[in-house]
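Structure first, commentary second.
The values are calculated or read from the model by the stated rules, or taken from the named source; none is laboratory data. None of these values were measured; they are calculated from a predicted model. All Cβ positions, even for glycine, are placed from backbone atoms using ideal geometry, and neighbour counts span all protein chains on display. The protein model used for the area step is the full one, side chains on, heavy atoms only, and it has no ligands, DNA or RNA in it. Shrake-Rupley method; radii C 1.70, N 1.55, O 1.52, S 1.80 Å.
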Amino acid sequence: MSEWEATLRVAGITVRIRSRVGDPSPLLSPDLAAFLHDGVPKAWVELAEDEVAQADPLRRFTPPQFGLRALPDGGLAMVKRAGRGEVLGTMHPGRGEARLGLPDLGTAWRVDQEEEGVREALQAFLRAFLQALLLETGGTMLHAAGIELKGWGLAFTGHTRSGKTTLARRFPRNRVLGDDLVAVSPSEEGFLLYGTPWPGREGGPVSYGGVPLRAVFVLRPGEEKGVAACAPAEAVSLLAAEAPRLEMPDEESKLLEVFSSLCAAVPICRLSAGLQDDVMEYVEEFI
């Protein structure tokens, strides 16, 4: 098996991925180049050979539904929810280390479902590790579209079909940080907004970002058109509804700390607009 290595910088965190099972890049984001980095890594991911995965990738990784559970040593294990919940990989966010077992990526897939199952497992593992690392530093990922305008970052969060992808399409591609999954992280100057390598189902554009976050808008289709500031308690509740859940220990308390800090730092507003409306008339006062 050939070895492969790359260093990525996502949401301000530099991660080196080392693969002993071949090149995983075809299974990663097509926009991965935007996140390649040559800095010193703060975290490491090892992709290692797994005999069970090699013998039967289809059984090992499908259905592609995964969760996390606590390990006795304080780490986390990624498990497949269906079946016996066997461990697929482990991560120790406090040590910045993670390991995922995979089949030989240089071997031809016998059926398309094998490749798709491995793809979903790899991306789910990397997303979970990044989220765990972010929570360690007071940040989090959000199900949101991220836009950069005049050097400021605007996040538009909401449930599925709330209009995130449609809204992102109304801005120039070079202003879109992501149409589905972005990250916020504290800095000395305040919270920063980042894109991540994971677009929505329709494959919208993604880019790195790292711009000062100016405001977060919670999309509320069907309500009276307009924008209205949220009270702190409502803002925390609305944001908490749009954060990825990993089923990890102390997850809820960590998220509440992040969102309480975020609400104290930037405006959190409810936004309702029609699909054809010019969103700028609602948000231009924030930039």
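One table, with the values for the structure above:
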{"item": "Matching entry among Leu47, Leu8, Leu58, Leu100 (being aliphatic (A, V, I, L, M), touching an Asp or Glu at 6+ places or on another chain (Cβ under 9 Å) and not in a helix (DSSP H, G or I))", "result": "Leu100"}
{"item": "Glu3 being farther than 28 Å from Gly209 by Cα, of a type in the set (Asp, Glu) and out of contact with any Ser or Thr (no Cβ under 8 Å at 6 or more places or on another chain)", "result": "no"}
{"item": "Scope region 196-221; condition among the small types (Gly, Ala, Ser) and either under 19 Å from Ala240 (Cα atoms) or in contact with a Phe, Trp or Tyr (Cβ under 6 Å, 6 or more places away or on another chain) (or both); matching residues", "result": "Gly209, Gly210, Ala215"}
{"item": "Close pairs from region 18-41: first outside any helix (DSSP H, G or I), partner open to solvent by 10 Å² or more (accessible area, probe 1.4 Å) and of a type in the set (Lys, Arg), Cβ under 7 Å, at least 6 apart", "result": "His37/Arg9; Gly39/Arg9; Pro41/Arg16"}
{"item": "Residue in region 119-164 that is most open to solvent (accessible area, probe 1.4 Å), counting only those that are touching a Gly at 6+ places or on another chain (Cβ under 7 Å) and within 11 Å of Leu219 (Cβ to Cβ)", "result": "Lys164"}
{"item": "Which listed residue, of Glu252, Glu234, Glu224, is more than 20 Å from Ile287 (Cα to Cα), open to solvent by 70 Å² or more (accessible area, probe 1.4 Å) and in a helix (DSSP H, G or I)", "result": "Glu252"}
{"item": "Within region 40-80, considering residues that are open to solvent by 20 Å² or more (accessible area, probe 1.4 Å) and closer than 30 Å to Val176 by Cα, the one modelled with the highest pLDDT", "result": "Trp44"}
{"item": "Qualifying position, being open to solvent by less than 70 Å² (accessible area, probe 1.4 Å), among the acidic types (Asp, Glu) and in contact (Cβ under 8 Å) with a residue 60 or more places away in the chain, among Glu242, Glu257", "result": "Glu242"}
{"item": "Residue in region 271-282 that is open to solvent by less than 70 Å² (accessible area, probe 1.4 Å) and within 18 Å of Pro186 (Cα to Cα) present", "result": "no"}
{"item": "Single match in Leu192, Leu219, Leu239, Leu256 (criterion: of a type in the set (A, V, I, L, M), touching a Gly at 6+ places or on another chain (Cβ under 9 Å) and closer than 20 Å to Glu136 by Cβ)", "result": "Leu192"}
{"item": "In region 168-218, residue modelled with the highest pLDDT [restricted to those that are part of a helix (DSSP H, G or I) and surrounded by fewer than 23 Cβ atoms within 10 Å (Cβ to Cβ)]", "result": "Arg175"}
